[in-house]
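Inspection log for the structure reproduced underneath, given as structure tokens.
The values are calculated or read from the model by the stated rules, or taken from the named source; none is laboratory data. All values derive from a computational prediction rather than experimental measurement. Heads up, the Cβs are rebuilt from the backbone with ideal geometry, glycines too, and the neighbour counts pull from every protein chain shown. The accessibility values were calculated without ligands, DNA or RNA, using every heavy atom of the protein model including side chains. Shrake-Rupley method; radii C 1.70, N 1.55, O 1.52, S 1.80 Å.
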Amino acid sequence: MELPEMDSLASAIGVSVPVLRFLLCFVVTIPVSFLHRFVPGGPTGRHFYAAATGAALSYLSFGFSSNLHFVVPMLLGYASMALCRKYCGIITFFLAFGYLIGCHVYYMSGDAWKEGGIDATGALMVITLKIISCVINYNDGILKEDDLREAQKKNRLLKMPSLLEYFGYCLCCGSHFAGPVYEMKDYIEWTERKGIWQPSNKGRSPSPFLATLRALLQSAICMGLYLYLVPHFPLSRFTEPVYQEYGFFKKLSYQYMSGFTARWKYYFIWSISEASTIISGLGFSGWTDSNPPKPKWDRAINVDILGLELAKSAVQIPLMWNIQVSTWLRHYVYERLIQKGKKPGFFQLLATQTVSAVWHGLYPGYIIFFVQSALMIAGSRAIYRWQQASQAGLVKKLLGLLNFFYTLLVLNYSAVGFMVLSLHETLTAYGSVYYIGTVLPVVLLLLGKIIKPARPARSKARKAE
């Protein structure tokens, strides 16, 4: 795909040729996913089409070596299911993550992304989560149902998937480029037209076209905003003398705008992947209770833009940003670290955020950002508890407002580390505002331990009963 026209087109839109090649292949996932609906040969034909088109798009986007990198952890996961079902989940978790970390280090993927380049490690990140969830769900299939959480009962696999099903799931029509991450059980039911995808007697089948059009329109707006904003708020400014001359509040506002600008790039990517998943039918998640019923496409959605930008609390952020990965982290890390009969605490939150940091890569900026995220959420929870315990309406509203501005400040302060990656640049940006986004969460966390809100009178009355 090294055509002469690609150089001029890449220059015209301000990206490198590898990024342009990726974007073209990424957009092609939409028609490829749509054609999945018409593949002959039943489930077998659809599994083969999903695997073959995913591998072909990977080759065209990243080159032949990308598929070799994908196959290694895929085969390790499949072998662990075949040879050691009792421990296959934990074995695959460490093997798949170990291979991903090795690729991150070898390719220095964070630096490539930061400089406008691209490689296959981003797609490998998605495949890694798919492999681990599939293997763990197969592992859960031998456990007693009474000991399982609702998500485990819903997603567990009693039967080992065939190699064709497994490859189709991992590479499905290029969905590994940017997600969303979904479950093997859902993929099989969708491919076999079972469960919610089974044609009903009434012949009611959800039309994907309106939802797909909405996602495409959203992607165009997101890309337009990103291209408009990015020249005005370059990341390089954090280390330039002009930034150091800014006053305290101007530095904070620049941190906000740089984070705000960067997010539109992700909104664009996820909007395209949303369109692709919706038009294939896989994004369908049931019908609303309204009259007449409307189709829901929750499985395809990876971000709630307004929900994130106007989040009232940091606790809401994982529910609005990279939604399917956040769901994966909750089901396969956070919930599995909670001991039976005990409540989750800061340890589970910190461990989950650490896994998320390692998944992104071993850059100081990633690790600092996700540790910051754990502190940010813990601080927000302290404010929320005070807010819920308050009996005065005005105080309740003020605490709600405080939580909103706290989330806005700490999120965009923390996001600088995620964007610049290097330790020096991260600490320079944080230090320029006196580490306010680190100090505030720690202070709130400590105050939350000291100033414990009184229990509402209603709960006390219930306890007395």
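The table that follows gives values for the structure above.
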read-out	value
Modelled FRET efficiency - R0 25 Å, GLU5 with LEU35, Cβ distances, 0.05 increments	0.45
Largest-first ellipsoid semi-axes for the chain, taking √(5λ) over the Cα gyration tensor eigenvalues, angstrom	36, 30, 23
Ranking by accessible area, most exposed first, for ARG156, ARG385, ARG336 with a 1.4 Å probe	ARG385, ARG336, ARG156
Fraction of alpha-carbon pairs over 14 Å apart in the range 239-283 - percent	65
Largest to smallest accessible area among ASP147, ASP304 [probe 1.4 Å]	ASP147, ASP304
Accessible area of the range 4-112 belonging to carbon and sulfur atoms, whole % at 1.4 Å probe	77
For GLY286, distant residues with modelled amide H under 5 Å away	LYS296
Heavy atoms of ARG21 accessible to a 1.4 Å probe, total area in Å² rounded to 10	40
Average accessible surface area per residue within the range 197-253, 1.4 Å rolling probe, Å²	68
Solvent-accessible area, 1.4 Å probe, carbon plus sulfur percent, for the range 322-361	62
Probe 1.4 Å - accessible area at THR277, Å² to nearest ten	10
Förster-model FRET efficiency, 25 Å R0, ALA52 and ALA220, C-beta, rounded to 0.05	0.25
Phi to ³J(HN,Hα) by Karplus 6.51 cos²θ - 1.76 cosθ + 1.60 over the range 167-178, Hz, x for Gly, Pro	5, x, 5, 5, 10, 2, 6, x, 5, 6, 4, 8
Cα-derived Rg over Rh, computed across the range 215-333 with Rh taken as Kirkwood radius	1.08
Potential lengthening between LEU398 and PHE233 on full extension [0.36 nm per residue; Cα-Cα distance subtracted]	56.2 nm
Where the range 307-383 is the region considered: accessible area per residue in Å², 1.4 Å probe	41
Probe 1.4 Å, protein heavy atoms only - accessible area per residue of the range 1-95 in square angstrom	51
Under Karplus coefficients 6.51, -1.76 and 1.60, residue-wise ³J(HN,Hα) of the range 429-435 in Hz, glycine/proline x	5, 5, x, 5, 10, 6, 6
Calculated FRET value between TRP287 and PHE260, using beta carbons and R₀ = 30 Å, to 0.05	0.25
Residues of type lysines that LYS296 reaches as a straight line, Cα spacing below 26 Å, ignoring anything fewer than 8 places off in the same chain	LYS130, LYS153, LYS154, LYS185, LYS194, LYS202, LYS265, LYS312
The range 231-356, dipole about Cα centre (Lys/Arg Cβ +1, Asp/Glu Cβ -1), debye to the nearest 20	400
Potential extension, ALA389-LEU446 segment - 0.36 nm per residue separation minus Cα distance	18.7 nm
The chain, helix-only ellipticity at 222 nm - DSSP H runs n ≥ 4, -39,500 (n - 2.57), divided by all residues, nearest 500	-22000 deg cm²/dmol
Calculated from backbone phi, Karplus (6.51, -1.76, 1.60) coupling profile of the range 334-349 in Hz, x at Gly/Pro	4, 5, 7, 8, 7, 6, 4, x, 10, 8, x, x, 5, 4, 4, 5
